[in-house]
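**Student:** Below is one structure. I have some questions about it.
The values are calculated or read from the model by the stated rules, or taken from the named source; none is laboratory data. Please read these numbers as outputs of a predicted model, since none were measured by experiment. Note that each Cβ is placed from the backbone with ideal geometry, even for glycine, and that neighbours are counted across all protein chains shown.
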Amino acid sequence: MIKLPEPLEDVVFNLLKASNTKLPSDVGWALEAAAGWESDQTAYSQLGAIMDNVRKAEFLSRPMCQDTGIPVFYVKGRFDSSIIGEIERGLARATKEIPLRPNTVDPLTRENYGNNLGEGMPVVHFSPTDDEFVEITVMPKGAGSENMTRLVMLNPSDGVEGVKKAITDAVLEAGGRPCPPGIVGVGIGGTSEKCISMAKEALLIPVGGDNPDPVLREIEEDVFVKLNESGLGPMGLGGRTTVLGVRVKKAACHTASLPVAVSIGCWANRRATARITSEKVEYTQGAFR
């Protein structure tokens with residue numbers, strides 16, 4: 001582990017606070033743009049209510065949604081095993097002090113752990129490198145959107161059109177439950193678990209900008225248009241804005257497989273990142289203004 005300029009527990013606490021109280025700037029601009037093209041009055045009022053909520057949350061430094069989710073952490077760079085304990089302490093402290101809603105329960109007895117920890121929690125994905133930094137990203141994922149996650153094992157013969165249909169069907173079947181307009185993260189290929197992981201990771205890619213892969217870019221653009229032509233709209237109440245973006249990742253897969261996973265991010269698509277060097281901590285994905 002590199003020498004840290006401030007306690008890692010504090011960094012984790014700050015990330016959880018920022019991600020829950022401040023909208024990422026790219027999502028904010030996408031919501032503003034959506035309000036500009038909405039002609040449906042109900043949809044326009046829903047977008048207005050969302051933006052009003054966002055500004056109040058930042059001003060009051062309070063979570064923008066009552067479901068503060070289960071935080072998913074991504075850690076890369078140079079670190080040692082002590083980092084998991086720091087993340088746990090930061091999460092328990094954030095639950096008490098921000099406060100975050102204690103969401104983790106035993107899956108069978110439903111007993112609440114009270115601090116967003118518990119068996120198998122928090123979820124942390126590690127990517128060690130030789131870089132002279134530690135980068136931590138947190139994505140709080142609420143149940144409304146998480147419950148709409150889908151994995152489909154297509155036949156290879158289904159091809160690109162089958163992939164597009166699987167994505168579109170998953171989002172439309174979810175309806176208003178994941179609190180649209182949101183971001184659609186898609187994983188294509190890999191094994192089943194790899195595919196689902198890629199779909200969630202795709203939600204970390206900012207809205208806007210072109211996918212460097214032309215085939216994936218076509219999928220993103222076509223699905224984006226089709227979903228926004230569906231009429232589902234904000235909160236499923238109708239309108240022209242069902243999604244703010246579609247982001248796709250892929251990996252090689254078995255010759256007999258074509259896995260497709262869909263992970264939907266709600267309208268907030270909360271996330272925040274800190275890159276830590278021995279000199280400073282740099283936070284990104286800050287507030288929308």
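For (1) in contact (Cβ under 8 Å) with a residue 24 or more places away in the chain; (2) surrounded by fewer than 15 Cβ atoms within 10 Å (Cβ to Cβ), each residue gets a yes or a no:
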site: G118; (1), (2): no, no
site: T129; (1), (2): yes, yes
site: A143; (1), (2): yes, yes
site: M148; (1), (2): yes, no
site: V160; (1), (2): yes, yes
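**Student:** Identify the residue in region 1-35 that is touching a residue at least 24 places away in the same chain (Cβ under 8 Å) and acidic (D, E) and, among all such residues, is surrounded by the fewest Cβ atoms within 10 Å (Cβ to Cβ).
**Tutor:** Applying the filter and picking the extreme gives E6.
**Student:** Filter region 179-198 for residues that are touching a Cys at 6+ places or on another chain (Cβ under 9 Å) and in a helix (DSSP H, G or I) and give the result.
**Tutor:** K194, C195
**Student:** List, please: which pairs have Cβ atoms under 6 Å, are six or more places apart or on different chains, and start with a residue in region 66-86 that is free of Cβ contacts under 8 Å to residues at least 60 places away in the same chain and end with one that is of a type in the set (G, A, S)?
**Tutor:** Going by the 6 Å Cβ cut-off, the qualifying pairs are K76/S127.
Let's see how each residue does on (1) surrounded by fewer than 21 Cβ atoms within 10 Å (Cβ to Cβ); (2) out of contact with any helix residue (DSSP H, G or I) (no Cβ under 7 Å at 6 or more places or on another chain):
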| position | (1), (2) |
| --- | --- |
| L203 | no, yes |
| D210 | yes, no |
| L244 | no, no |
| W267 | no, no |
| T277 | yes, yes |
| E282 | yes, yes |
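**Student:** Only one of E282, E201 is over 14 Å from P181 (Cα atoms) and not assigned by TED's automatic domain parsing to the domain that holds K165; which?
**Tutor:** Exactly one of E282, E201 is over 14 Å from P181 (Cα atoms) and not assigned by TED's automatic domain parsing to the domain that holds K165, namely E282.
Yes or no, residue by residue, for (1) at positive phi; (2) assigned to a loop (DSSP other than H, G, I, E, B):
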| position | (1), (2) |
| --- | --- |
| E201 | no, no |
| L204 | no, yes |
| G209 | yes, yes |
| V223 | no, no |
| G231 | yes, yes |
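**Student:** Go through region 36-59 residue by residue and tally those that are in contact (Cβ under 8 Å) with a residue 24 or more places away in the chain and either part of a helix (DSSP H, G or I) or surrounded by 14 or more Cβ atoms within 10 Å (Cβ to Cβ) (or both).
**Tutor:** So the answer is 12.
**Student:** Cβ contacts < 7 Å: first residue under 30 Å from T255 (Cβ atoms) and at pLDDT 95 or above, restricted to region 165-191; second residue surrounded by fewer than 16 Cβ atoms within 10 Å (Cβ to Cβ) and of a type in the set (A, V, I, L, M), any location; separation 6+ or different chain. Result?
**Tutor:** So the pair list comes out as G189/A251; G189/A252; G190/A251.
**Student:** Same structure again: Here is a check on your reading of the model: is Q66 in a helix (DSSP H, G or I), at negative phi and not assigned by TED's automatic domain parsing to the domain that holds L232?
**Tutor:** Considered against the rule, which asks whether it is in a helix (DSSP H, G or I), at negative phi and not assigned by TED's automatic domain parsing to the domain that holds L232, Q66 comes out as no.
**Student:** Please go through region 204-226 and give me each residue that is among the β-branched types (V, I, T) and either assigned by TED's automatic domain parsing to the domain that holds V72 or under 19 Å from D169 (Cβ atoms) (or both), ordered by number.
**Tutor:** Selection gives I219, V223, V225.
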